Amino acid sequence: MSTVIRFGTSGWRSIIAEDFTVANVHRAVAGIASYVLSQPAPHRVLVGRDPRFLGERFVEEAARVLAAHGIQPIVIAEPAPTPAIAFAVRTLKTSGAINFTASHNPPEYNGIKFSTHDGAPALPEVTKQIEAAIAAQGDAASILRLGDDHPPFETYDAKPAYLRRIAELVDLKAIAQSGLRVVFDPFWGAARGYTSELLASHGVPVTTVHDYRDVLFGNHAPEPDDHLLEDARAEMRKSGASLIIATDGDADRFGIVDADGTFIQPNYVIALLFDYLVETRGWRNGVAKSVATTNLINALAEHHKLPLYETPVGFKYIGELILADKITIGGEESAGLTIRGHVPEKDGVIAGLLVAEMVARRGKSLGRQLQELFAKVGSFYPVRENFHLTQQAKEAFTEKLKGDPDQLGGRRVTQVVRTDGLKLVLEDGSWVCYRLSGTEPVVRAYTEARNAEDMAALSAAAKDFVLSA
């Protein structure tokens, strides 16, 4: 029986040699080819990858399947960040891109992201067409594929044009003039040779860690999270740097560490950059955030008298607003953001560089800037927790999410939001948002208290709501 291939919020991901096999890659790419052929010609598709195990082989196989279906493949030979591939789609005006990456997932995974002709992540209406085409095509043995004697395919280097665009959007001169020293951690991923080279070429002192290929990513997920940044902190102490910039496996997510070694959670980074871009660029567009992202952004939108767009989780929805030029910045609490005039895709490279610019031009630590933001619009303390459930408990909680609770932990619910999952807003502005995983019996609980003292009580109430289902 064939593996069922589903494209979730960030494409299809699975474990290498279990479900992520050459045969299933053939099936997935043939499904994408079917979609591409339904779109206007010329039919040209970029094929890229991050540095994961067997990435080169999967790219080659994808190119052979595309070519056999009458689609011209353009191969990005070296590992490239997801946002660089998105930019290449727009630069070359291709029909889209197939990107072999499992992003921040552990090393045993690989995956496929498909971007459409605008460089944005494929929307649900597109991935449904692709899934239907995969289901209708039969087994892998029937998939058309060019033989191994085919001459090499056209190649493209995504790096130069992308870095030129980043240099137009970020004030690298201001970073250099400030004397800021930076540590960059690409987590063995696709951003190797991107952020560090751009900074160094503009005279910014930068040192790196994990700047070599390791398909096992140090034996853990290539995720720039607090507990995985100790090597970068050690380099910070050694080099005298005052900022750490990190990216995940495909460089669509970011991690930031302040001068004192404090990890600045992505919720706060997005809010700080929103405030900074309004201040320095003079842009009066709105701001977009997923429903699970901090309401500090809501408060800032109100403060600056700018439109707020609250989207379901999934960056494709924010990408649509970027394409429509409706927003200055859009972001998700899971460490993805992009800005006006840039790609409609998460970009960890530009996120880190904009933070460096913000620190350089304001001359203040991120912690200090955050306290000033709190003084301006009030304080917000967000937390995310995962609760693993039995299948029976998940089914019971699914039913509970259909209700309209009037209280949580003894406090009155003043608003019920169903943009994505169930979000309960309480009378003091605190909130809890519940989202069920589509792939495992897990519920994600996002909570945000208005003061540090209330965080524990709110988190406990959120947990009790799950476990009492």
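Just report the Cα centroid separation between the range 28-46 and the range 191-209, whole Å.
Result: 36 Å between the Cα centres.
Give me the net charge for the shell around PRO40: Cβ to Cβ below 15 angstrom, other residues only, Lys and Arg +1, Asp and Glu -1. Show your work: numbers first, answer last.
Values: positive: ARG44, LYS93; negative: ASP118.
Around PRO40, the surrounding residues sum to +1.
Can you check what the net charge comes to around LEU337, using other residues whose Cβ is under 12 Å from the Cβ of LEU337 (Lys, Arg +1; Asp, Glu -1)? Can you show the working numbers first?
Numbers: positive: ARG253, LYS289, ARG340, LYS346; negative: ASP252, GLU332, GLU333, GLU345, ASP347.
Net charge around LEU337: -1.
Set Lys and Arg Cβ to +1 and Asp and Glu Cβ to -1, take the dipole of the chain about its Cα centre, and tell me which of LEU180, VAL278, LEU243 lies farthest positive.
Value: VAL278.
So if we plug the beta-carbon distance of TYR212 and ARG57 into 1/(1 + (r/R0)^6) with R0 = 25 Å, what FRET efficiency do we get, rounded to 0.05?
Values: r = 21 Å, r/R0 = 0.83.
FRET efficiency, TYR212 to ARG57: 0.75.
With point charges of +1 on the Cβ of Lys and Arg and -1 on the Cβ of Asp and Glu, referenced to the Cα centre of the chain, which listed residue (TYR381, ALA88, ASN110) lies farthest in the positive direction of the dipole?
About the Cα centre, the residue reaching furthest to the positive side is ALA88.
Percentage of Cα-Cα pair distances in the range 161-377 greater than 26 Å, rounded to whole percent? If you can, show how the numbers build up before the last one.
Numbers: 6793 of 23436 pairs.
So the pairs more than 26 Å apart make up 29 percent of the total in the range 161-377.
Order these by the 10 Å Cβ neighbour count, fewest first: LEU46, LEU277.
Numbers: LEU46 25, LEU277 20.
Sorted ascending by nearby Cβ count, the order is LEU277, LEU46.
If you place +1 on the Cβ of every Lys and Arg, -1 on the Cβ of every Asp and Glu, and leave all else neutral, what size is the dipole of the range 161-377 about its Cα centre, to the nearest 20 Debye?
Values: 23 positive and 29 negative charges, 157 e Å.
Here the size comes out at about 760 debye.
What FRET efficiency comes out for the pair SER239/ARG164, r = Cβ-Cβ distance, R0 = 30 Å, nearest 0.05?
Details: r = 28 Å, r/R0 = 0.92.
The value I calculate is 0.60.
By counting other Cβ atoms within 10 Å of each Cβ, how are MET455, MET236 ranked from fewest to most? Walk me through the numbers on the way to the answer.
Numbers: MET455 17, MET236 25.
Result, fewest neighbours first: MET455, MET236.
Report, for the range 1-123, the % of DSSP beta bridges that are antiparallel, rounded to 5. Walk me through the numbers before you get to the answer.
Details: 10 of 20 bridges.
Just about 50 percent of them are antiparallel.
May I ask you to sort PHE184, PHE263 by Cβ crowding, counting other Cβ atoms within 10 Å and putting the fewest first? Before the final figure, lay out each step's value.
Details: PHE184 31, PHE263 19.
Arranged by neighbour count, lowest to highest, PHE184, PHE263 become PHE263, PHE184.
Would you work out the Kirkwood radius for the range 381-467? I mean one over the mean of 1/r across all pairs of different Cα atoms, in Å.
Values: mean 1/r = 0.0771 Å⁻¹.
The Cα-based Kirkwood calculation yields 13.0 Å.
Report the local net charge at LEU458: Lys and Arg +1, Asp and Glu -1, summed over other residues whose C-beta lies under 14 Å from its C-beta. Walk me through the numbers before you get to the answer.
Values: positive: ARG384, ARG411, ARG412, LYS423, ARG450, LYS463; negative: GLU385, GLU427, ASP428, GLU448, GLU453, ASP454, ASP464.
Residues close to LEU458 contribute a combined charge of -1.
Once the convex hull of the C-alpha atoms of the chain is built, how many Å³ does it hold per residue, rounded to a whole number? List each step's numbers first, then the result.
Details: hull volume 66.3 nm³, N = 469.
Looking at the chain, the number lands at 141 Å³ per residue.
Quick one: if you stick a label point 7 Å off each Cα along the C-beta vector at ALA135 and ASN386, how many nm between them?
Between ALA135 and ASN386, the simple spin-label model gives 2.7 nm.
With +1 assigned to the C-beta of every Lys and Arg and -1 to the C-beta of every Asp and Glu, and no other charges, what is the dipole magnitude of the range 1-158 about the Cα centre in debye, to the nearest 20?
Working: 13 positive and 16 negative charges, 77 e Å.
Using only the charged Cβ atoms, the result is roughly 380 debye.
With n ≥ 4 as the cut-off for DSSP H runs, can you work out [θ] at 222 nm for the chain, using -39500 (n - 2.57) per run divided by the number of residues, rounded to the nearest 500? Walk me through the intermediate numbers first.
Values: 15 runs with 173 residues, N = 469.
Computed mean residue ellipticity for the chain: -11500 deg cm²/dmol.
How much FRET efficiency would the formula 1/(1 + (r/R0)^6) give for HIS227 and GLN72, where r is the Cβ-Cβ distance and R0 is 45 Å, rounded to 0.05? Mind showing how you got there, number by number?
On the way: r = 44 Å, r/R0 = 0.98.
Calculated value: 0.55.
Placing +1 at every Lys and Arg Cβ and -1 at every Asp and Glu Cβ, with all other atoms neutral, what dipole size does the range 381-467 have around its Cα centre, in debye to the nearest 20? Spell out each step's value before the answer.
Working: 12 positive and 13 negative charges, 37 e Å.
Using Cβ point charges on Lys, Arg, Asp and Glu, the range 381-467 gives about 180 debye.
Under 5 Å between amide hydrogens, which residues at least 5 positions from ILE16 or on another chain qualify, with H placed 1.01 Å from N in the peptide plane?
The list, which skips near neighbours in sequence, is TYR109, ASN110.
For LYS113, list the lysines whose Cα falls under 21 Å from its own Cα; do not include residues on the same chain fewer than 8 positions away.
Within the straight-line cut-off, LYS113 pairs with LYS93, LYS128, LYS159, LYS316, LYS346.
Farthest toward the dipole's positive end in the range 286-421, which of VAL413, THR398, ALA360, given Cβ charges of +1 (Lys, Arg) and -1 (Asp, Glu) about the Cα centre?
Result: ALA360, furthest along the dipole toward the positive end.
Return the whole-Å distance between the Cα centroid of the range 223-255 and the Cα centroid of the range 98-150.
The distance from the Cα centre of the range 223-255 to that of the range 98-150 comes to 31 Å.
Every number in this text was worked out from the coordinates using simple rules, so none of it is lab data. Keep in mind it's a predicted model, so treat the numbers as computed, not measured. Cβ coordinates were reconstructed from backbone atoms using ideal geometry, including for glycine residues, and neighbour counts include every protein chain displayed.
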